[in-house]
């Protein structure tokens, strides 16, 4: 797609549907992510979050609906779309026996960065996540919070426009969770990166964050956290989600 895409959403999905054999994992999912904004995707296990992330990242083939990233159709332009996307998966994917720098350089090579550019980008991202002095350490020596920061640095090496993080704070202590959350939000404000942060820990979401609530493979509600609370007459996001989920389960 040619021309200026800045007026388009960073990601737009319309009518997504996905099946695993007879099981319907997603049904009629619409999603719109704006540029330079922190978005939260929430829902319990089995809600369809992982399937949706799989479709966005290209790990799953699109069965039904349309999906555009930065104005590009993901099925039609998978390589160009992937260059605009950075991903931090729920399960760690770092090589623990390699050094911090070696992990980044390997990823940079996969994205076609030249040697000089790769080293420059590695130095920049390690400095941003506070790991510049650990560049020659084996990843095994890093704690959980630092490993997550390294995965974010790795995902940003090729300067993507959308960063997708699938349950990135699982297994971290409270302080590390808060630090990681603050760091990702700073990427939105300082660098204009769009973020999709999936979580079942609703205390990681702030009042003005755009939220997509999934349940049973469907979108239960979308909108700023504060607005969803007001719409459901709830005092908190967990309460709002519980009420929306209950309405979904109520027979027509």
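Residue-by-condition table, conditions (1) over 30 Å from residue 138 (Cβ atoms); (2) at pLDDT 95 or above:
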| position | (1), (2) |
| --- | --- |
| 8 | yes, no |
| 11 | yes, yes |
| 74 | yes, no |
| 101 | no, yes |
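In region 48-99, which residues are closer than 14 Å to residue 17 by Cα, in contact with a helix residue (DSSP H, G or I) (Cβ under 9 Å, 6 or more places away or on another chain) and assigned to a loop (DSSP other than H, G, I, E, B)?
Passing the criteria: 60, 61, 62, 63.
Determine, yes or no, whether residue 74 is surrounded by fewer than 18 Cβ atoms within 10 Å (Cβ to Cβ), in the same structural domain as residue 216 (by TED's automatic domain parsing) and free of Cβ contacts under 8 Å to residues at least 24 places away in the same chain.
no
Checking the condition surrounded by 19 or more Cβ atoms within 10 Å (Cβ to Cβ), over 12 Å from the mean Cα position of the chain (by Cα) and in contact (Cβ under 8 Å) with a residue 40 or more places away in the chain, which residue from 158, 183 passes?
158
Of the residues in region 100-121, how many are outside any loop (DSSP other than H, G, I, E, B), over 22 Å from the mean Cα position of the chain (by Cα) and surrounded by fewer than 17 Cβ atoms within 10 Å (Cβ to Cβ)?
7
Restricting attention to region 91-110, does a residue exist that is under 20 Å from residue 199 (Cβ atoms), in contact (Cβ under 8 Å) with a residue 40 or more places away in the chain and touching a strand residue (DSSP E or B) at 6+ places or on another chain (Cβ under 7 Å)?
no
Answer with yes or no whether residue 190 is buried (at least 19 other Cβ atoms within 10 Å of the Cβ), over 23 Å from residue 43 (Cα atoms) and at pLDDT below 95.
Answer is no for this residue.
The values are calculated or read from the model by the stated rules, or taken from the named source; none is laboratory data. All of these numbers come straight from a predicted model, not from anything done at the bench. FYI the Cβ positions are ideal-geometry reconstructions off the backbone, even for glycines, and counts take in every protein chain you see.
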